[in-house]
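*Asks:* After the structure tokens below, expect a handful of questions from me.
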Amino acid sequence: MGIFYHPECFCCRACRYPITEQEFSLSEKHAYHKNCFKDMIQYKCEVCLQYLPTNGAGLIEYQFHPFWPQKYCSVHEHDNTARCCSCERLEFVNTRYVSLGDGRSLCLECMESAIMDTGDCQPLYHTIRDYYEGMNMKLEQQVPMLLVERKALNEAIVKETYGFHNMPEARGLCVSEEQTVASIPKKPKVGGHGLIGIRSQPQKLTRRCEITAILVLHGLPRLLTGAIIAHELMHSWLRLKGYRNLNPEVEEGICQLLSYMWLESEIISGTSSTSAASSSSSSSASKKGGKSRLDNKLGEFFMYQIANDSTPVYGGGFRAASAAVNNYGLRRTLDHILLTGSFPV
Ligand SMILES: [Zn+2]
Ligand SMILES: [Zn+2]
Ligand SMILES: [Zn+2]
């Protein structure tokens, strides 16, 4: 290395004892015993990059995300550390999340394929309608799909459900009432660390059929936006095909299943990165190669979220729907629901 140390001066930065082994680890110009380095990497908080705190009993205490390999100090759960509203990862030192201006933040990976306005979302909407058609579930009706702001979506939900709804945080809605909602027609620009120039236009939804529109929260990455659309399209399909008064577990469960199946098809076909590039006028130069692996990982996370949802209606419903479809296939499951209102067992 060109530098000579007294053996007793060449110490591990972590334990401070001399390094006598031939092999050692180097990081940021500091030397470590191989094992100390491994420990250090293992026990550092990925948010603040400090060692994870130990409790009174000398045990290391931390939180971790069950999907992402992210370990962090418990304190970041409550210290206003930004959490990506899409992938749930916490912002870490030296990264900046993008604020969507409505209390939500987006990590840069999710931002990469985020869909910001109604116009940008149309190609994706068509892709998913085609997916339904390919499954022999063509939607005869042209249901408009609008990207909306969080506030507009929540207001529409209150109107649609007369104030009754039990979703923790809604990201989409299938509207069957006549409403006026604010759609986002123009792409807001990302400036600094937030969005500027969000302009929404009031849009009157008139009842031409039982479904007047599908509303989707703006600013989410392509695969998540698609998963939401696939879910809401299934609500539309059920209503247009005369499925009525289903109990929420059956209806949400089958909608979650279609959402999951669409994600699966996107990940397997590996088309997500290329179609994202062609369907979005986003300025980011490259969405090929390495990006598709990243997109796939995100897609796998959204599937994981659906499958591991702990709520009885969405999670329980999904698991029941998926068991039924595994046993009887989608078509027979749907026929059974139409006749009986429940999943075949
Ligand atoms: Zn920390
Ligand atoms: Zn994210
Ligand atoms: Zn739903």
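*Asks:* Which residues, taken from the stretch 91-146, are part of a helix (DSSP H, G or I) and surrounded by fewer than 17 Cβ atoms within 10 Å (Cβ to Cβ)?
*Replies:* The answer is LEU108, GLY119, GLN122, PRO123, HIS126, ASP130, GLU133, GLY134.
*Asks:* Just for the stretch 212-259: of the residues that are touching a strand residue (DSSP E or B) at 6+ places or on another chain (Cβ under 7 Å) and within 16 Å of ligand 2 (Cβ to nearest atom), which one is nearest to ASP309 (Cα to Cα)?
*Replies:* ILE228
*Asks:* Would you mind telling me which numbered condition in (1) within 16 Å of ligand 3 (Cβ to nearest atom); (2) touching a Leu at 6+ places or on another chain (Cβ under 8 Å) VAL158 fails?
*Replies:* (2)
*Asks:* Away from ligand 1 (no atom under 12 Å from the Cβ), assigned to a loop (DSSP other than H, G, I, E, B) and within 24 Å of GLY103 (Cα to Cα): does that describe GLU88?
*Replies:* yes
*Asks:* Taking the stretch 68-90 as the search range and keeping residues that are closer than 29 Å to GLY172 by Cβ and among the small types (Gly, Ala, Ser), which one is surrounded by the most Cβ atoms within 10 Å (Cβ to Cβ)?
*Replies:* Taking the candidates together, the pick is SER86.
*Asks:* Please count how many residues of the stretch 306-324 are part of a helix (DSSP H, G or I) and either of a type outside the set (Val, Ile, Thr) or over 26 Å from ALA170 (Cα atoms) (or both).
*Replies:* 13
*Asks:* For the stretch 75-85, give me each residue that is of a type in the set (D, E, K, R) and either in a loop (DSSP other than H, G, I, E, B) or near ligand 1 (Cβ under 9 Å from one of its atoms) (or both).
*Replies:* Within the stretch 75-85, just ASP79 meets the criteria.
*Asks:* Next up: Working only within the stretch 1-20, note down all residues that are within 46 Å of the chain's Cα centre (by Cα) and part of a loop (DSSP other than H, G, I, E, B).
*Replies:* CYS12, ARG13, ALA14, CYS15, ARG16, TYR17, ILE19
*Asks:* Just checking, which of ILE115, ILE128 is within 16 Å of ligand 3 (Cβ to nearest atom) and either closer than 25 Å to LEU153 by Cβ or at pLDDT below 90 (or both)?
*Replies:* Step by step, each of ILE115, ILE128 is checked, and only ILE128 is within 16 Å of ligand 3 (Cβ to nearest atom) and either closer than 25 Å to LEU153 by Cβ or at pLDDT below 90 (or both).
*Asks:* List, please: which pairs have Cβ atoms under 6 Å, are six or more places apart or on different chains, and start with a residue in the stretch 319-345 that is without any contact (Cβ under 8 Å) to a residue 24 or more places away in the chain and end with one that is outside any helix (DSSP H, G or I)?
*Replies:* ALA324/PHE343; ALA324/PRO344; TYR328/PRO344; HIS336/PRO344
Yes/no matrix, rows are residues, columns are (1) closer than 12 Å to THR118 by Cβ; (2) part of a loop (DSSP other than H, G, I, E, B); (3) modelled with pLDDT of 75 or more:
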site: THR180; (1), (2), (3): no, no, no
site: PRO185; (1), (2), (3): yes, yes, no
site: LEU195; (1), (2), (3): no, no, no
site: ILE198; (1), (2), (3): no, yes, no
site: LYS204; (1), (2), (3): no, no, no
site: CYS209; (1), (2), (3): no, yes, no
site: LEU215; (1), (2), (3): yes, no, yes
site: LEU223; (1), (2), (3): no, no, yes
site: ILE228; (1), (2), (3): no, no, yes
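*Asks:* So which residues in the stretch 13-43 are modelled with pLDDT of 80 or more, buried (at least 17 other Cβ atoms within 10 Å of the Cβ) and closer than 26 Å to GLN70 by Cα?
*Replies:* Within the stretch 13-43, ARG13, SER25, ALA31, TYR32, HIS33 qualify.
The values are calculated or read from the model by the stated rules, or taken from the named source; none is laboratory data. Model, not experiment: these values are computed from the prediction. So basically every Cβ, Gly included, is an ideal-geometry build from the backbone, and we count neighbours across all protein chains shown.
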